[in-house]
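Worksheet: the structure to be examined is printed underneath.
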Amino acid sequence: MGRVLTGIQSTGRPHMGNILGAILPAIEMANKSSKDSFLFIADLHSLTQIKDPVELKENTFQVAATWLAFGLDPNKTTFYRQSDVTECVELSWYLNCFFPFQRLKLAHSFKDKANRLEDVNSGLFMYPMLMAADILLYDADEIPVGRDQLQHLEMARDVASRINHKVGDLFVLPKPIIQQEAQLIPGTDGEKMSKSRDNIIDLFATDKEIKKNINKNIITDNTPLESPKDPETSTIYNLYKLISSVDESQQMANQLRAGGYGWGHAKKDLINCICEKFAEPKEKFNHFLNNRNEVEDILKEGAVKAKKVAEATLIRVKNGLGYNS
């Protein structure tokens with residue numbers, strides 16, 4: 001049957017770009033997969049950057065609640081918090097002892113900050129081996145990755161191969177499933193939606209807040225109401241066609257090209273579409289905000305399932321390395 005595994009960063013409440021570009025496609029894949037599916041929130045990885053315990057905990061909750069609100073089925077996917085399965089930390093130590101220091105220096109996660117070593121903690125340097133442990137611990141044979149994470153998966157395969165060669169076949173060698181580049185979701189300024197650019201649309205905001213954000217921050221030209229407009233160069237239209245039906249997006253395009261339909265009308269239609277389309281996930285998310293124990297129970301239940309697999313793998317590894325287990 002095989003097993004597919006994916007890790008997600010706990011970086012706080014996902015915005016519209018995260019949801020449309022990554023979360024919804026991943027949920028669809030997980031819910032439809034015939035393989036055993038594992039999905040974890042990488043809160044141990046987050047500690048390399050986030051040191052505030054309240055922020056760390058809240059970020060994990062916001063991410064978990066978002067995935068659940070948008071339809072991740074915990075009955076089909078083992079959904080858990082990385083820190084609840086501490087076997088990954090023990091395994092990462094064993095992996096570190098077989099992996100060359102010089103190879104770790106080549107990891108993108110380290111190289112990107114190597115010219116600012118005062119900002120690099122040991123956890124960031126060891127990041128690839130913790131990621132390798134996340135994968136190898138569950139005998140996952142397929143790992144969906146973007147091209148930016150492919151190097152880390154190659155390191156996981158490398159260290160697994162080194163250990164298998166030394167002491168026997170302890171690990172399954174994972175294969176990368178290269179994901180298509182995430183669909184570019186424009187922000188309110190027309191550039192890629194990103195928290196760093198302060199151009200996001202928060203789908204869990206109130207309808208009033210969403211309306212204010214779009215009306216204020218999507219800047220339009222001064223083309224007169226009666227004049228034709230080019231929909232393809234419009235941030236409003238490019239957002240609208242991502243979430244509306246084909247007929248609805250075609251209708252907006254036709255109205256813009258015909259004239260007599262202004263940017264104000266287009267913004268109103270975009271706002272209504274966002275508020276209507278995401279009303280149900282927002283309702284579920286707000287339910288989880290008021291019933292956090294439900295999210296906690298789901299994560300703990302997932303951790304129990306994951307831990308059974310992790311414990312069996314760790315026993316096999318420790319026996320293979322010469323430790324009593």
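In the stretch 261-284, is there at least one residue being in a loop (DSSP other than H, G, I, E, B), without any contact (Cβ under 8 Å) to a residue 40 or more places away in the chain and not assigned by TED's automatic domain parsing to the domain that holds L24?
yes
Could you identify the single residue in V89, V85 that is buried (at least 20 other Cβ atoms within 10 Å of the Cβ), closer than 26 Å to E154 by Cα, assigned by TED's automatic domain parsing to the domain that holds V309 and among the β-branched types (V, I, T)?
Just a single option satisfies the conditions, and that option is V85.
Which condition number in (1) under 19 Å from K216 (Cα atoms); (2) among the small types (G, A, S); (3) out of contact with any helix residue (DSSP H, G or I) (no Cβ under 7 Å at 6 or more places or on another chain); (4) at pLDDT 95 or above is the one that S196 fails?
Failed condition: (4).
Scanning the stretch 199-220 for residues that are of a type outside the set (A, V, I, L, M) and in contact with a helix residue (DSSP H, G or I) (Cβ under 8 Å, 6 or more places away or on another chain), which turns out nearest to K284 (Cα to Cα)?
Filtering first and then ranking leaves F204.
Would you mind finding the one in D148, D139, D134 that is outside any helix (DSSP H, G or I) and under 27 Å from the mean Cα position of the chain (by Cα)?
Of the residues listed, the single one that is outside any helix (DSSP H, G or I) and under 27 Å from the mean Cα position of the chain (by Cα) is D139.
Collect the residues in the stretch 151-181 that are surrounded by 15 or more Cβ atoms within 10 Å (Cβ to Cβ) and of a type in the set (A, V, I, L, M, F, W, C), keeping them in residue-number order.
Selection gives L153, M155, A156, V159, A160, I163, L170, F171, V172.
Scanning the stretch 1-11 for residues that are among the small types (G, A, S) and in contact (Cβ under 8 Å) with a residue 60 or more places away in the chain, which turns out surrounded by the most Cβ atoms within 10 Å (Cβ to Cβ)?
G7
If I ask for residues that are touching a Ser or Thr at 6+ places or on another chain (Cβ under 9 Å) and of a type in the set (G, A, S), which ones from the stretch 29-50 would you list?
Those that are touching a Ser or Thr at 6+ places or on another chain (Cβ under 9 Å) and of a type in the set (G, A, S): A30, S33, S37, A42, S46.
Can you list the helices (runs of 4 or more DSSP H) found entirely within the stretch 1-120 that contain at least 2 residues being modelled with pLDDT of 95 or more and under 20 Å from H287 (Cα atoms)?
So the answer is 53-69.
Please list, ordered by first then second residue, the pairs with beta carbon atoms under 6 Å, 6 or more apart or interchain, first in the stretch 28-46 and crowded, with 21+ Cβ neighbours inside 10 Å, second modelled with pLDDT under 90 and aliphatic (A, V, I, L, M).
Cβ pairs passing all conditions: S37/A30.
Would a scan of the stretch 239-249 turn up a residue that is assigned to a loop (DSSP other than H, G, I, E, B), surrounded by fewer than 12 Cβ atoms within 10 Å (Cβ to Cβ) and under 27 Å from the mean Cα position of the chain (by Cα)?
yes
The values are calculated or read from the model by the stated rules, or taken from the named source; none is laboratory data. Computed from a predicted structure; not experimentally measured. Backbone-built Cβ (ideal geometry, glycine too); neighbour counts: all protein chains shown.
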